[in-house]
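Notes follow once the structure below has been shown.
The values are calculated or read from the model by the stated rules, or taken from the named source; none is laboratory data. Just so you know, these numbers come straight off a predicted model, no measurement behind them. Here the Cβ is made from the backbone with ideal geometry for all residues, glycine too, and neighbour counts use every protein chain on show. Note: areas computed on protein heavy atoms with side chains; ligands, DNA, RNA excluded. Shrake-Rupley method; radii C 1.70, N 1.55, O 1.52, S 1.80 Å.
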Amino acid sequence: MIPRIPHNDFGVLNPPALGGWEPTLTVTVVIPAHDRQETLNLTLAALSAQSYPEHLLDVIVVDDGSATPLSLPELAPSRTKLISSPPGGWGRAWAVQAGLDAATGEVVFVLDADMVPHRRHVEAQLRWHHLAPYVVALGWIDFTGAGPLPAPEQVVAALAEGAEERLFPLSPHRHDWAEEIIRDHDGLRTAPSSLATRIHVGATVSYPAALLRAAGGMDTSLVLAEDTELGYRLTQAGAVFVPDPESRAWHLGLPTAMRDHGALKRYNDPYVADRVPYRRYLRTDAGRQWLVPYVDVTVPEGSYEDVRATVDSLLAGSLPDVRVTVTGPWELLTPERRSPLADPQLDLRLVHAAFEHDPRVHFSPPGTGTAPFRLSVPPGWVVSKDTVERLVAHLEEHDSGTLCVALEETAGGVTIARLDRTAALSRAALVAGPGDEHLDDLVDALFGLEWVDGETWGFKRRPAVYPPRRRPPSELAVLAARHEQELARYRKRVAALRAELAQARREAGKNGRDAARWREKAEAWRREAVRLATERNRTVLKRAVRRVRNLAFPGDPR
């Protein structure tokens, strides 16, 4: 029986101690490389000294257009082969996909050509794959400081002695953001679905080959951000992410994300925004449509009025990041001569005509990415403006799998709308066995399933007349509306003039107060000038009198 892991809580698994178990799964290590001969030699040397059984391990090195073609060194696993990336593309994703296409192992282990794994690196990750076929295991990375590289023989000797720590000086830099997420969520066991995918870093990671291929492999249109995008799709495929601190490896030097984070983020953001709906902060532009929507909505075939009312309400919601698919036998809409009004496919044809040129509406499931949420709404039911946004927020808040919305009870049962988490449906399908319980029971056990009332969440029947009849307004109503607009403009202008007048009065009052102060100062200065002039005149007069007296009465002491 396949183990049932709820959410990302891999704590239900019991991995064996390193060195104390017997592996059986085959693994293909894929190494994409571009002009990395010197570091590749060390990577292959470390792989040749792994604790994982040699007969279960093979290696594919993919030369991604190196200026000087790569070659295989003497120290390498016995079953190592070198291939070239096929024509038609380039970049890491292209090279990894070439290796995946050539891989024969039950597990695909992707390892960059600047990584030097510890002796039990492969074994530590592979033990998880022996426990559940939908685990994605990630290694723990240490970054090297500056210094010369050792020889391949030194790497092999260090691994044999268990002295990998001596190979390189340790850099103070780490994947702090990833380690913080892991630490804050009990080793990632309590991380919600939209967060667990973020720590998927492709420098050292292993996948069940079947799961990786079912998820679509690498997005070879990307030359950067391919790990982020793949992590998102693996989540939707039902994967559980397990970071293993015992799967240690050296990264030779610092990656681009640490050396030039700003430039890398600027490049990646538009590609990630288009493909990873979880990154809500990258999708803040109102009215935009994206390659992969946040919510995929399905509306089944029904009458023209019912389908149109439902689709119209969905497209008018406060969450514009939706894509609507109307299902039906569209192949019946043939171009042969027919009676337009007596056409047996009239409603189907009218629905098609109503939405044929709206890019948000599809008539067959689009092949451009899997949304994280799937909503189905029966035709004839309309939603309030914030219904879809509230439903998704509720699932995200509780990291739940499904919300079943009870709309009405009929003779045949209960009419429902339903919002599903794609990852929950995929996980349930992965663990289901022959004769197992209903898929909803598995979703409930793994993620949780909740029933809610439709009216509370804004669902209601469409209006009796749809689309609504909108008569053109009368001439009097048009004139009244025009006059009301003119009156509103005049009122706005009067309010502005009143504000200007009040400001002018405030300024005039301030100017008057300033003028009074200056007049007071001027009067004080005038009085001071008169006083000084008077004193000066008295002094001059006294001096003149004294001078005349001295001339008239010489020697007079007065």
Just to be sure I understand: of the beta bridges DSSP finds with both ends in region 370-508, what percent are antiparallel, rounded to 5? 75
What does the helix-only formula give at 222 nm for the chain: each DSSP H stretch with n ≥ 4 adding -39500 (n - 2.57), the total divided by the residues, and the result rounded to the nearest 500 deg cm²/dmol? -12500 deg cm²/dmol
Rounded, prolate or oblate: which fits region 402-445 when a ≥ b ≥ c are the square roots of the eigenvalues of the alpha-carbon gyration tensor, with rounded for a/c under 1.5 and prolate only if a/b beats b/c? oblate
Local electrostatic count, GLN125, Cβ distance below 10 Å [Lys/Arg +1, Asp/Glu -1]: -1
Antiparallel DSSP beta bridges within the chain, as percent of all bridges there, nearest 5: 40
What order do you get for 498-504, 168-174 when each peptide is scored by the mean count of other beta carbon atoms within 10 Å, highest first? 168-174, 498-504
So how do MET1, MET218, MET258 rank on accessible area, 1.4 Å probe, biggest first, that is with the largest at the start? MET1, MET258, MET218
Full extension between ALA533 and VAL465 adds, at 0.36 nm per residue less the Cα distance, a length in nm of 14.6 nm
Mind giving me the FRET efficiency for PHE363 and GLU153? R0 is 45 Å, r the Cβ-Cβ distance, nearest 0.05 is fine. 0.10
For the chain, give the magnitude of the charge dipole about the Cα centre (Cβ charges: +1 Lys/Arg, -1 Asp/Glu; no others), in debye to the nearest 20. 6560
Taking protein heavy atoms only, a 1.4 Å probe, and rounding to whole percent, the accessible area of the chain owed to carbon and sulfur comes out at 55
LYS542 accessible area, nearest 10 Å², 1.4 Å probe? 130
Count the net charge of all other residues whose Cβ sits under 12 Å from the Cβ of LYS492, scoring Lys and Arg as +1 and Asp and Glu as -1. +3
Whole-Hz couplings from phi, Karplus 6.51/-1.76/1.60, listed for region 441-452; x for Gly and Pro: 5, 5, 4, 4, 5, 8, 10, x, 10, 10, 9, 9
Write down the accessible area per residue of the chain in Å², having rolled a 1.4 Å probe over the full set of protein chains. 52
Taking placed amide H atoms and a strict 5 Å upper bound, the residues 5 or more places from THR26 or on another chain that come that close are GLU106, VAL107
Taking HIS129, HIS261, HIS362 and ranking on accessible area (1.4 Å, protein atoms only), highest first, one gets HIS261, HIS362, HIS129
From the backbone phi of region 238-250, what are the Karplus-calculated ³J(HN,Hα) couplings (6.51 cos²θ - 1.76 cosθ + 1.60, θ = phi - 60°) in whole Hz, Gly and Pro given as x? x, 5, 10, 9, 10, x, 10, x, 8, 9, 8, 7, 8
Collect residues whose amide H, placed 1.01 Å from N in the peptide plane, falls under 5 Å from the amide H of GLU408; neighbours closer than 5 in sequence don't count. THR415
Area accessible to solvent at TYR490, 1.4 Å probe radius, in Å²: 150
In order over region 318-328: 3J(HN,Hα) from phi, Karplus 6.51/-1.76/1.60, θ = phi - 60°, whole Hz, x for each Gly or Pro, gives 6, 9, x, 7, 10, 10, 10, 10, 9, 8, x
Kirkwood-based Rg over Rh for the chain (C-alpha set), two decimals? 1.31
Quick tally, 1.4 Å probe accessible area for HIS394, HIS200, sorted with the most first, runs HIS394, HIS200
Please report the accessible area of LYS510 (heavy atoms, 1.4 Å probe, ligands and nucleic acids excluded) in Å², nearest 10. 110
Dipole-positive endmost among VAL377, ALA98, THR39 within the chain (Cβ charges, Cα centre): VAL377
Overall form of region 201-272 per C-alpha gyration tensor (a/c, 1.5; a/b vs b/c): oblate
With a ≥ b ≥ c the root eigenvalues of the C-alpha gyration tensor of region 59-216, is it rounded (a/c under 1.5), prolate (a/b larger than b/c) or oblate? oblate
What residues qualify as long-range amide H neighbours of THR80, i.e. H under 5 Å apart, gap of 5 or more or another chain, H built at 1.01 Å from N? VAL59
